[in-house]
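One structure is given below, encoded as structure tokens.
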Amino acid sequence: MGLFSNKLDFIISPDGIDIIEKIIIGGIEQFILIQADDKTKPVLLFLHGGPSMPLPGVSSRGMDYTIATNIKELIKNYILVFWDQRGTGKSYNKYIPKHTMNVPQFVNDTIELTDYLRNKFKREKVFLVAHSWGSIIGLKAVSQQPQKYYSYVGISQIVDWTENDKLGLIWTKEEAKRRGNDKALKELNSVGEPPLIDSFEQWGVLRKWQRNFGTLIYSNEYVKHPGLFKITMRMLYSKDYSIKDMFNTFYKGFKLVYTHDFIKELPEFNFLKTTTKVKIPITFIHGTHDMHVHGELVKEYYEILDADKGKNLIWLKKSAHIFHPDDTKIIENYLIDEHKHLKETN
């Protein structure tokens, strides 16, 4: 099917599993999507970015392309689980306490969901993959409970929040100068120096101009990308998502998580200082044009990381922060091959 058809890109085998479950995680109702052609395969849990950007998530049922991987072949090799995280999409509700929207709680939710899947499918471990924001909670989860995971793949891995904002601010100012955009430069000069924790508006200025200057999506005369709007609008094609779910994602969920307390918390996370050793195989996958999460920090972290079970760093040339469809196919193939490789070496 076409990338934006409202028809399903694939159908699950009658012997497989294709369900949306409402479960209690961290004391609140949250929703997961489980897809697999073969129930005997290992479990792969995917953590979406954002926060409050549930792609891939519950709305991705039957869709091949997501912003960070393809799915059609993945479900033949795994029991694939997507999760609308606390406070977003179908996992939003008005009774979620704001004080629970913090990184330790997201990490605890991840580990609790991991245990639920291990028990449900009678598996000792699961595979964990995370994109962008999800890579913070994903890497923290595997560092805290490595015995529950076969491996970890960080796609657009966030390493040092404050240093990433410093590099992002430098790049965005230079881009504003190159484009002759005086309005952007004036606003960017007004935010001060990272960490940007004084207000949401201060932090939002940098994100706005990064987005406007193409840090999320790479495209040129040869490399064409479908674009963020069309990708997010695919949620509306999902039979499992409603206008209300979209509103809960992009407005209510956004307001719930992006509080002053949450923004103040983010600069505390610097894996260069806190997590220099991992006990499971680890891979980082990064777009060469990603100026939203800077690849040079990923490279620096990769070089110092002590990973005696193996580590890998993969660069994809057609992508920025949201991956080009050609590159999401490469990611899908890597995830399939990773399972086969781990089977052969264990």
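The values are calculated or read from the model by the stated rules, or taken from the named source; none is laboratory data. Every value quoted in this text rests on a predicted model; they were computed, and no experiment measured them. Cβ atoms come from the backbone with ideal geometry, glycine included; neighbour counts cover every protein chain shown. Accessible surface is based on the protein model in full, side chains and every heavy atom, while ligands, DNA and RNA are left aside. Shrake-Rupley method; radii C 1.70, N 1.55, O 1.52, S 1.80 Å.
Candidates Thr162, Phe323, Phe271 compared by Cα position along the dipole of the chain: farthest toward the positive end lies Phe323, with charges placed on Cβ.
Of all aspartates and glutamates in the structure, the ones whose alpha carbon falls short of 19 Å from that of Lys273, not counting any fewer than 8 places away in one chain, are Asp160, Glu163, Asp165, Glu265, Glu296, Glu300, Glu303, Asp306, Asp308.
Considering all different alpha carbon pairs of the chain, the Kirkwood hydrodynamic radius works out to 20.4 Å.
Rolling a 1.4 angstrom probe over the protein heavy atoms with all chains in place gives segment 230-346 an accessible area of 50 Å² per residue.
Once R0 is set to 45 Å, what does the formula 1/(1 + (r/R0)^6) return for the Cβ-Cβ distance between Val223 and Tyr95, expressed as a FRET efficiency to the nearest 0.05?
E between Val223 and Tyr95, to the nearest 0.05, is 0.50.
Compute the Cα gyration tensor for segment 149-220, then decide on rounded, prolate or oblate, letting a ≥ b ≥ c be the square roots of its eigenvalues: rounded whenever a/c is under 1.5, prolate when a/b is larger than b/c in the other cases, and oblate in all that remain.
Numbers: a/c = 2.67, a/b = 1.49, b/c = 1.79.
It comes out oblate by the Cα gyration axes.
Shown here are the Rg and Dmax of the Cα trace of segment 240-337, at 17.1, 47 Å.
Restricting segment 78-167 to chymotrypsin sites (Phe, Trp or Tyr not before Pro) that sit in a DSSP loop and have at most 10 other Cβ atoms within 10 Å of their own Cβ leaves Tyr95.
Could you work out which residue, out of Val58, Val223, Val103, moves most in a Gaussian network model of the chain, that is, has the largest mean-square fluctuation with Cα springs under 10 Å? Of Val58, Val223, Val103, the most mobile in the Gaussian network model is Val223.
Shown here for segment 213-299: GluC sites (Glu not before Pro) in loop regions (DSSP other than H, G, I, E, B) with at most 15 other Cβ atoms within 10 Å, namely Glu221.
Considering every pair of different Cα atoms, what Kirkwood radius, in Å, is found for segment 1-156? After inverting the pairwise mean of 1/r, the radius is 15.6 Å. Can you work out the PRE-style zone for Gln202? Point 7 Å along Cα to Cβ, and I want the residues of segment 142-171 with backbone N under 19 Å. So the set is 161-171. With K and R counted +1 and D and E -1, the other residues having a Cβ less than 13 Å from that of Ile330 yield a net charge of -3.
Measuring nothing but protein heavy atoms, the accessible surface of segment 99-171 at 1.4 Å probe radius is 48 percent carbon and sulfur. Taking 0.36 nm per residue of sequence separation and removing the Cα-Cα distance, the Lys22/Leu236 pair yields an extension gain of 75.0 nm. Is the C-alpha gyration tensor of segment 68-163 telling us rounded, prolate or oblate? Criteria: a/c under 1.5 is rounded; beyond that, a/b larger than b/c is prolate, otherwise oblate. The shape class here is rounded.
Residues Ile263, Ile20, sorted by accessible area with the largest first, give Ile20, Ile263 [1.4 Å probe; ligands and nucleic acids excluded]. Set the bar at 25 Å for Cα to Cα. Now go through Lys125/Lys264; Lys22/Lys122; Lys140/Lys264; Lys7/Lys244; Lys98/Lys140 and name every pair that lies beyond it. As for pairs spanning more than 25 Å Cα to Cα, those are Lys125/Lys264.
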